[in-house]
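One structure below.
The values are calculated or read from the model by the stated rules, or taken from the named source; none is laboratory data. Every value quoted in this text rests on a predicted model; they were computed, and no experiment measured them. Virtual Cβ from ideal backbone geometry, glycine too; neighbours counted across all protein chains shown. The area values use the complete protein model at the heavy-atom level, side chains included, leaving out ligands, DNA and RNA. Shrake-Rupley method; radii C 1.70, N 1.55, O 1.52, S 1.80 Å.
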Amino acid sequence: MLIKKPSDIPSSEITPKSVYMDRRRFMTGATLFGAALATAGCEMVSPSKVSANTKLTTTKSPLSTSETPTPEKDITNYNNFYEFSTDKYGPAELSRNFRTSPWTVKVSGAIKEKKTYDVDSLMKLASLEDRIYRLRCVEGWSMVIPWVGYSLSNLINQLQPTSKAKYVMFTTLMDMGQFPGQRSGVLDWPYTEGLRMDEAMHPLTLLTFGLYGETLPNQDGAPVRIVIPWKYGFKSIKSIVKIDFVDYEPPTAWNKAAPNEYGFYSNVNPNVDHPRWSQATERRIGEFRKRPTLMFNGYGDQVASLYNGMDLKKHY
Ligand code: MTE
């Protein structure tokens, strides 16, 4: 992962929100029109009701941090989304025409019954909360992001996992036509991630559909992603199409790419450095002075007990 200083985003590179939103609305309309033409005379695909920039009805979450959220223009213009680009300023532009509707998420493996959810029905499975979380990227920058979603445990409980479900594996869409990055060998595509079952069931683990009160912008992982605030950002996998319940530690994209740099657990830990970067401090987007990184990204009171007895230097 490359590092660029967030505060170096020249203001000329940041599209004002009003212009950006208008363009997105125009592009969404144009895409739908194009899709309608393409399907004329063929099988009709019913469009999802919820599309980009839809306002969501939410309640406030007691699990939110009281810190001030990072401005939306930074959250939506400085992204890691390698399926679009390895350049952090690339995904905002390159994801404009990304089709998030219709979109389904398949759930399978060690559960009572496998299912395919339309993303709209998945979104309605539990009440949506505003959850303001810190996000700490392994590259040394951090943000505070007002996500919208519900605890993944709501879905898992409904699926009734069997005793064979030890881990959960998540998979991002594979579509080289839409993801130019998947034509390169930078990662072994599709992007996959995984959690131990107790981590997946932890109330902080968020099945995420929005940010700043609206459906997710494409560059932030529309239409549905995971956010795990006590782990480095790369565990928070975007644009998910598949959730599998398995009895083995799932292979993950970054662990496969560089196992000595990215462990399966990847809990934020200021005492265990990445081979190339210290993890002791971080730069909050919009701030100049670095701040100390907190164990488990400051969520230790809630999650430290998950790792009792584990050597976190070995299980990095
Ligand atoms: N998910 C997929 N599918 N592809 C990616 O490249 N990047 C990860 C994570 N999820 C990534 C992904 C990394 S490295 C980070 S830091 C976060 O997404 C960034 O999320 P954001 O762009 O919404 O801030």
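Here is the figure for the stretch 279-291: residues that are out of contact with any Asp or Glu (no Cβ under 8 Å at 6 or more places or on another chain) and either without any contact (Cβ under 8 Å) to a residue 60 or more places away in the chain or open to solvent by less than 70 Å² (accessible area, probe 1.4 Å) (or both) total 6.
May I ask you to verify whether Pro146 is touching a Lys or Arg at 6+ places or on another chain (Cβ under 8 Å), within 14 Å of the ligand (Cβ to nearest atom) and either under 22 Å from Asp220 (Cβ atoms) or assigned to a strand (DSSP E or B) (or both)? Please lay out each step first, then the result.
Working: touching a Lys or Arg at 6+ places or on another chain (Cβ under 8 Å): yes; within 14 Å of the ligand (Cβ to nearest atom): yes; either under 22 Å from Asp220 (Cβ atoms) or assigned to a strand (DSSP E or B) (or both): yes.
Spelling it out, Pro146 is indeed touching a Lys or Arg at 6+ places or on another chain (Cβ under 8 Å), within 14 Å of the ligand (Cβ to nearest atom) and either under 22 Å from Asp220 (Cβ atoms) or assigned to a strand (DSSP E or B) (or both).
Filter the stretch 225-248 down to residues that are within 12 Å of the ligand (Cβ to nearest atom) and assigned to a loop (DSSP other than H, G, I, E, B) and give me whichever is surrounded by the fewest Cβ atoms within 10 Å (Cβ to Cβ). Per the criteria, the residue is Ile237. Checked against (1) crowded, with 19+ Cβ neighbours inside 10 Å; (2) free of Cβ contacts under 8 Å to residues at least 60 places away in the same chain; (3) touching a helix residue (DSSP H, G or I) at 6+ places or on another chain (Cβ under 9 Å), Asp175 meets all criteria but (1).
How many residues are in contact with a Ser or Thr (Cβ under 9 Å, 6 or more places away or on another chain), in a strand (DSSP E or B) and more than 25 Å from Arg96 (Cβ to Cβ) when one looks only at the stretch 149-187? Matching residues across the stretch 149-187 total 3. If you check Asn260 against the conditions, is it more than 16 Å from the ligand (Cβ to nearest atom), open to solvent by 20 Å² or more (accessible area, probe 1.4 Å) and in contact (Cβ under 8 Å) with a residue 24 or more places away in the chain? Considered against the rule, which asks whether it is more than 16 Å from the ligand (Cβ to nearest atom), open to solvent by 20 Å² or more (accessible area, probe 1.4 Å) and in contact (Cβ under 8 Å) with a residue 24 or more places away in the chain, Asn260 comes out as no.
Does the stretch 300-307 include one or more residues that are open to solvent by 50 Å² or more (accessible area, probe 1.4 Å) and in contact with a Leu (Cβ under 8 Å, 6 or more places away or on another chain)?
Our first condition is that a residue be open to solvent by 50 Å² or more (accessible area, probe 1.4 Å); within the stretch 300-307, this holds for 301-302, 305.
Filter once more, so that each one left must be in contact with a Leu (Cβ under 8 Å, 6 or more places away or on another chain): 302.
Yes: one or more hits.
Apart from one condition, Ala222 fits all of (1) in a loop (DSSP other than H, G, I, E, B); (2) among the small types (Gly, Ala, Ser); (3) away from the ligand (no atom under 14 Å from the Cβ); the exception is (3). Given the structure, is Glu287 of a type in the set (Asp, Glu), in contact with a Pro (Cβ under 8 Å, 6 or more places away or on another chain), in a loop (DSSP other than H, G, I, E, B) and farther than 29 Å from Ser51 by Cα? So Glu287 does not fit the description; no. When the test is whether a residue is at pLDDT 95 or above, part of a strand (DSSP E or B) and open to solvent by less than 10 Å² (accessible area, probe 1.4 Å), Thr208 passes it.
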